[in-house]
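Shown next, in structure tokens, is the structure this report addresses.
Taken together, the values in this text are just the output of simple stated rules run on the coordinates, not laboratory data. Fair warning: this is a prediction, and the values are worked out from it, not measured in the lab. Cβ placement follows ideal geometry from the backbone for every residue including glycine, while neighbour counts extend to all protein chains displayed.
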Amino acid sequence: MTQDAALLRESSLARLTGAGMTTALPEAVGQKFDAKGQVLPFPGNTFLCHVPPDGPAHAALSAASAALQAGPLAGAFSFLPPSSFHMTVFEGVTDAHRDRARWPEGVPADAALEEVTARFAAATAGVDLPPAQAVRPVAILGGRTVAVTGLTDKAEAALRQSRVTLCERTGIRRPDFATYGFHITLAYALRWLTADEALTVQALSDAVFARLIATAPAIALGPVEFCNFADMHAFHPLQLLTGGANLDGARPEAL
């Protein structure tokens, strides 16, 4: 295990137990999922790369998710459908979170989500980001997230530059911009775990990761897409950021 992976693992264990948190349940509960793990409405928009569903990496990630779901503490998580697998390049906005740390500069806090989506589509029309990327799995953290990094230093730099471009175009300037870690989400936690439970989940995650990295040492991603979503189970592309093509042929301001 690399030093970076070890630090991520340590941080993940603390997060699983809710260390330092003041809420009775993880943030996703009551927002993205109910206490039983059923998906809730959580509309928003985002910039992401889907994992192509017909590729070997998607099959490997699906197998990893299935293995985690077979674990002894799977009931403490809500797992995402494989059709949703993606890597976020740059977070957009959600209807539920309108504080200044997450909202674009110069846009009223009460602006309709549809208006903000149209603004972003227009602002990124014609943007030509790298058409495809590949990432390398680093670890499975806490039974829910595959931490990834660019397959090469050049690929990582391209992803980081894409974030700079999208930050400038959208006006979203989050405090964690420089430290954001790329990842592919498999599940969300529904409750805080005990320290022993967290160790059990992470041990399973480590074993599943060993199989994942052997099967998929590289994960090919699709192009960057501007998407909207109604909940965490599906992300609908509106515009490809490889020249700013709209997927339905509509002008950006009409989205």
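Which whole-number percent is the relative contact order of the chain (Cα, under 8 Å, 6+ apart)?
Here the relative contact order equals 33 percent.
Just going by the charge dipole of region 104-255, with Lys and Arg at +1 and Asp and Glu at -1 on Cβ, which of F209, F177, P130 is farthest out on the positive end?
Working it through, the farthest residue towards the positive pole turns out to be F209.
For mean projected area of the Cα convex hull in nm², one of (1) 13.1; (2) 19.2; (3) 12.1 was computed from the structure I shared and the rest are decoys. Which label?
Computed from the coordinates, mean projected area of the Cα convex hull in nm² corresponds to (1).
Would you please give the FRET efficiency between R211 and A24, computed as 1/(1 + (r/R0)^6) with r the Cβ-Cβ distance and R0 = 35 Å, to the nearest 0.05? It would help to have the intermediate numbers written out before the result.
Working: r = 35 Å, r/R0 = 0.99.
Once rounded, the FRET efficiency stands at 0.50.
Can you give me the distance in nm between label points at A59 and D4, each placed 7 Å from the Cα along the Cα-to-Cβ direction?
2.8 nm
Given +1 on the Cβ of Lys and Arg, -1 on the Cβ of Asp and Glu, and no further charges, what dipole in debye does region 90-213 carry about its Cα centre, rounded to the nearest 20?
Values: 14 positive and 15 negative charges, 43 e Å.
Value, rounded to 20: 200 debye.
Rounded to the nearest 0.05, what FRET efficiency do E114 and S11 give with R0 = 45 Å and r taken as the Cβ-Cβ distance? Could you check?
According to the calculation, E is roughly 0.80.
Mind giving me the nanometre distance, one decimal, between the label points for R173 and T194, set 7 Å out from Cα along Cα→Cβ?
4.7 nm
Among T194, T179, which comes first, then next, by fewest other beta-carbon atoms within 10 Å?
Placing the least packed residue first, the sequence is T179, T194.
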